[in-house]
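Report on one structure; see the data block that follows.
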Amino acid sequence: VSFSDLLRVTPGTRPDLAAIDPRGTPGFDGDKAAAQARVDALRDELADFQERLWAEAGQSLLVVLQALDGGGKDGLIRKVISAFNPQGTRVNGFVVPTEEELRHDFLWRVHAAAPGKGRIGVFNRSHYEDVLVVRVKQLVPESVWQDRYRRINDFEALLAANSTRIVKFYLHISREEQRERFLKRLQDPKKGWKWDPADLETRAKWADYQAAYMDALELCSTDSAPWFVIPADHKWYRDLAVAEILAETARAMDPQWPEPEEDLSAIVVPD
Ligand code: AMP
Ligand code: MG
């Protein structure tokens with residue numbers, strides 16, 4: 001059974017996050033070194049895929065990353081997403097909207113960042129913040145955020161109809177692991193810059209965020225834009241599972257080298 005099948009949120013079902021062990025390693029019984037060796041091999045496969053995707057210029061891949069603070073999005077980008085050639089890949093970090101962005105609908109800035117044909121787009125946070133932080137902090141009335149799940153599904157279906165393959169990863173960490181990672185930020189001089197006092201406010205609303213995540217996972221996992229819940233307390237398993245699912249996605253997309261427009265064998269390159 002594939003990692004995609006193991007970790008996908010089946011459309012229409014509600015994942016019980018409390019019942020999914022963040023320290024689990026579904027589908028893998030090797031150790032950290034074995035996982036890292038496998039990721040190395042998958043990185044080569046992903047690099048080859050990216051080049052074919054670019055050459056074919058007919059499809060796009062959109063990778064959405066969501067997690068609580070300390071969930072490991074940045075580490076995942078460094079260790080797995082970096083396999084893609086930066087020339088054809090754009091990582092977009094979505095932070096608190098600007099005044100200009102707030103004057104538009106919530107998908108305006110997101111749509112502008114969607115990958116064109118041949119390109120890979122990575123969302124480090126995404127339009128899902130508009131049903132997560134926005135909902136928990138009550139930044140808009142409930143009627144507004146409630147309406148957004150179907151808007152998101154329609155939007156993602158539009159991208160999918162335009163040859164964009166969408167995969168969405170929720171990096172699932174435990175409350176204990178988040179504490180460990182926060183403590184590292186406070187103690188390690190190389191990590192202190194990541195410390196954000198607002199992360200404690202978010203941590204204090206842990207249950208609200210879990211509930212908001214479960215709604216997003218249930219209401220917005222679709223055949224054309226599935227959610228995957230990645231147990232992420234073990235960074236090596238997180239990297240492995242995401243790399244495996246990306247490779248499975250790449251195999252399904254299977255971009256083809258374009259046929260040359262003329263017979264290349266007949267071309268003579270002069271001395
Ligand atoms: P970081 O990812 O640590 O750089 O932090 C980015 C911050 O921007 C997080 O606290 C997000 O919750 C916040 N953010 C992202 N998108 C939105 C949004 N649409 N509305 C409000 N806050 C957002
Ligand atoms: Mg942060």
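A few comments on the model shown:
- Tally, over the range 185-215, of residues that are under 30 Å from ASP5 (Cα atoms), away from ligand 1 (no atom under 13 Å from the Cβ) and of a type in the set (Gly, Ala, Ser): 2
- Qualifying residue in the range 214-235 (condition: within 16 Å of ligand 2 (Cβ to nearest atom), crowded, with 19+ Cβ neighbours inside 10 Å and at pLDDT 95 or above): yes
Yes/no per residue for (1) away from ligand 2 (no atom under 16 Å from the Cβ); (2) surrounded by 13 or more Cβ atoms within 10 Å (Cβ to Cβ); (3) not in a loop (DSSP other than H, G, I, E, B):
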{"residue": "GLY24", "(1), (2), (3)": "yes, yes, no"}
{"residue": "GLY27", "(1), (2), (3)": "yes, yes, no"}
{"residue": "VAL39", "(1), (2), (3)": "yes, yes, yes"}
{"residue": "LEU42", "(1), (2), (3)": "yes, yes, yes"}
{"residue": "LEU61", "(1), (2), (3)": "yes, yes, yes"}
{"residue": "ASN92", "(1), (2), (3)": "no, yes, yes"}
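- Note on the range 122-145: among residues that are of a type in the set (A, V, I, L, M, F, W, C) and in contact (Cβ under 8 Å) with a residue 40 or more places away in the chain, the one that is nearest to ligand 2 (Cβ to nearest atom) is VAL133.
- The selection criterion, being closer than 26 Å to ALA211 by Cα and either in contact (Cβ under 8 Å) with a residue 40 or more places away in the chain or surrounded by fewer than 17 Cβ atoms within 10 Å (Cβ to Cβ) (or both), does not hold for ASN162.
- Single residue of the range 122-143 satisfying the filter (assigned to a helix (DSSP H, G or I) and exposed (fewer than 15 other Cβ atoms within 10 Å of the Cβ)) that is nearest to ligand 1 (Cβ to nearest atom): GLU142
- Screening GLU261 with (1) surrounded by fewer than 19 Cβ atoms within 10 Å (Cβ to Cβ); (2) at pLDDT 95 or above; (3) in a loop (DSSP other than H, G, I, E, B) gives one miss only, at (2).
- Any chance ALA35 is assigned to a helix (DSSP H, G or I), out of contact with any strand residue (DSSP E or B) (no Cβ under 9 Å at 6 or more places or on another chain) and surrounded by 18 or more Cβ atoms within 10 Å (Cβ to Cβ): yes
- Matching residues, the range 53-80, being in contact with a Phe, Trp or Tyr (Cβ under 6 Å, 6 or more places away or on another chain) and under 10 Å from ASN124 (Cβ atoms): VAL64, LEU65, GLN66
- Hits in the range 88-125 (condition: of a type in the set (Phe, Trp, Tyr) and more than 15 Å from the chain's Cα centre (by Cα)): PHE106, TRP108
- Subset of the range 188-206 that is within 24 Å of PHE123 (Cα to Cα), hydrophobic (A, V, I, L, M, F, W, C) and part of a helix (DSSP H, G or I) - its residue that is farthest from ligand 2 (Cβ to nearest atom): TRP206
- In the set ARG109, ARG148, ARG185, ARG119, only one residue is surrounded by 14 or more Cβ atoms within 10 Å (Cβ to Cβ) and within 16 Å of ligand 2 (Cβ to nearest atom); that residue is ARG185.
- Flag set for GLN66, criterion: modelled with pLDDT of 95 or more, within 16 Å of ligand 2 (Cβ to nearest atom) and polar (S, T, N, Q).
- Residues in the range 227-251 that are of a type outside the set (A, V, I, L, M), in contact with a Ser or Thr (Cβ under 8 Å, 6 or more places away or on another chain) and either under 25 Å from SER163 (Cα atoms) or not in a strand (DSSP E or B) (or both): TRP227, PHE228, ASP233, HIS234, TYR237, GLU244, GLU248, THR249.
The values are calculated or read from the model by the stated rules, or taken from the named source; none is laboratory data. Note that the coordinates shown come from a computational prediction; the quantities given were computed from them, not determined experimentally. All Cβ positions, glycine included, derive from the backbone under ideal geometry; neighbour counts span all protein chains shown.
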